[in-house]
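The values are calculated or read from the model by the stated rules, or taken from the named source; none is laboratory data. Bear in mind that the values here come from a model prediction, so they are computed numbers and not experimental data. Don't worry about glycine lacking a Cβ; one is built from the backbone with ideal geometry, like all the others, and counts go over all protein chains shown. For accessibility, only protein heavy atoms count, side chains too; no ligands or nucleic acids. Shrake-Rupley method; radii C 1.70, N 1.55, O 1.52, S 1.80 Å.
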Amino acid sequence: MDALFLSVLQALVIALGAPLLVGTLRTLKARLVGRRGPAPWQPFLDLRKLFGKTPVVSETTSWIFRATPYVLVGAMLVAALAAPMLTSRPPLAFAGILLLMSLFLLGTFFLALAGLDAGSAFGGMGSSREVTVAGLAEPTVMLAVFALALRASTTNLGGIVERVTIEPLLVVNPAHLLAFAAFFIVMLAETGRLPVDNPATHLELTMIHEAMVLEYSGRHLALVEWAAAMKLFVFLTLLANLFFPLALAGKLAVLAIALAALETAIAKLRLFRVPELLAGSFALAVLSVSAVFLLR
C-alpha cells in the first residue's frame, strides 16, 4: 500500500508540478529582462481555459490526430512511475532508462505523425525537424546514463540515485561532470528549449514543437501542452536526482534559475547548427564513458 500511495503521489506531483515549473520559468525569464511577466500559476489558468473549449478538428485528419494528445499524456504519466523522484525505487525503476527513452520516443513518434496528419506545410516541417533532433539526442541520453550505470554497477535508475547519495564525492568526478553536461544539452533539445527551439515563438523559420501543434485547439491543445510541461519536469528531475544528492525542490529551483538565465542570455541557433551542438553533447557522453574506465 505504501508503494501504491507513493506511485500515485509521484504521478500527481509531476502532473501538477509541471505547469507550475513552466510558469516559474516564464516569470524568471521576464524578471531577468526587466519585465513583470505572468504569474507562476498562469499555465494552470491557460489549461483551464483550453479545457473549457471545444476542439476544432480538420476533416482531413485521421484517428492519429485525435489520439495523439492522450498518448502524450499517458506516456508522461507512465514515465512518472519510472523516474526516481519522491522515492529512489518507483514501481518501474527496474526498467531503467530504456523504458523512459521508449516512452519519450513514443510521444515523439505520435506527435510527428499528428503534425503530418493535418496536411499543413508547417506540421510537416516541424515533424521533420523533431524526428531529426530526436534521432541525434536519444543516443546521447543512453550513453550519458550508461556512464553513470558503470560507476553504480547497475542500470536501475533508483540504484544510481542511491549510489550518488551514498558517495557525494561522485559529483565532482570528471566522468560525472561530463555526463551531466551531455545530459543537460540533450535536455534542452528534447524539451524544445533555447538554443535548439524557442517555445515562445511562432516564426516558421525557427519553430519545431510549435509547428506540429498549430492545428490543435481546445482540450487537445491543453493535453499537448500539459504533456510537454511534464516532459520538461521529468527531464529536470532526472538531471537533478541522477547527478546531485540534494533535496529535489532545491535542485529543481537551481536548475530552473539556471535554465531561465541561459535562455535569457543566448539566442536560438540556426537549424543547421543544431546537429553540431548535439554532436558535441554526444562527444561529451563518449568522454564520460571513457573517463569511467581511465579513472578506475
Only one of THR27, THR54, THR68 is of a type outside the set (Asp, Glu) and free of Cβ contacts under 8 Å to residues at least 60 places away in the same chain; which? THR27
Do the conditions hold for VAL8, that is, is it open to solvent by less than 30 Å² (accessible area, probe 1.4 Å), in a helix (DSSP H, G or I) and of a type in the set (A, V, I, L, M)? no
Under 9 Å between Cβ atoms, which residue pairs at least 6 apart in sequence (or on different chains) link something in region 31-42 that is in a loop (DSSP other than H, G, I, E, B) with a partner that is open to solvent by 100 Å² or more (accessible area, probe 1.4 Å)? GLY37/ARG26; GLY37/ARG31; PRO38/ARG26; PRO40/ARG26
Do any residues in region 115-140 that are more than 17 Å from ASN198 (Cα to Cα) have Cβ atoms under 6 Å from those of residues that are aromatic (Phe, Trp, Tyr) and at pLDDT 85 or above, where the two are at least six apart or on different chains, and which pairs are they? ASP117/PHE65; THR140/PHE282
Which numbered condition ALA175 misses (of (1) surrounded by fewer than 21 Cβ atoms within 10 Å (Cβ to Cβ); (2) closer than 30 Å to PHE272 by Cα): (1)
Select the helices (runs of 4 or more DSSP H) contained entirely in region 188-278, then report the ones holding at least 2 residues which are open to solvent by 40 Å² or more (accessible area, probe 1.4 Å) and modelled with pLDDT under 90. 248-265
Boolean, LEU77 is in contact (Cβ under 8 Å) with a residue 40 or more places away in the chain, open to solvent by 20 Å² or more (accessible area, probe 1.4 Å) and closer than 16 Å to ALA11 by Cα: yes
Closer than 17 Å to VAL292 by Cβ, aromatic (Phe, Trp, Tyr) and either open to solvent by less than 40 Å² (accessible area, probe 1.4 Å) or assigned to a helix (DSSP H, G or I) (or both): does that describe PHE146? yes
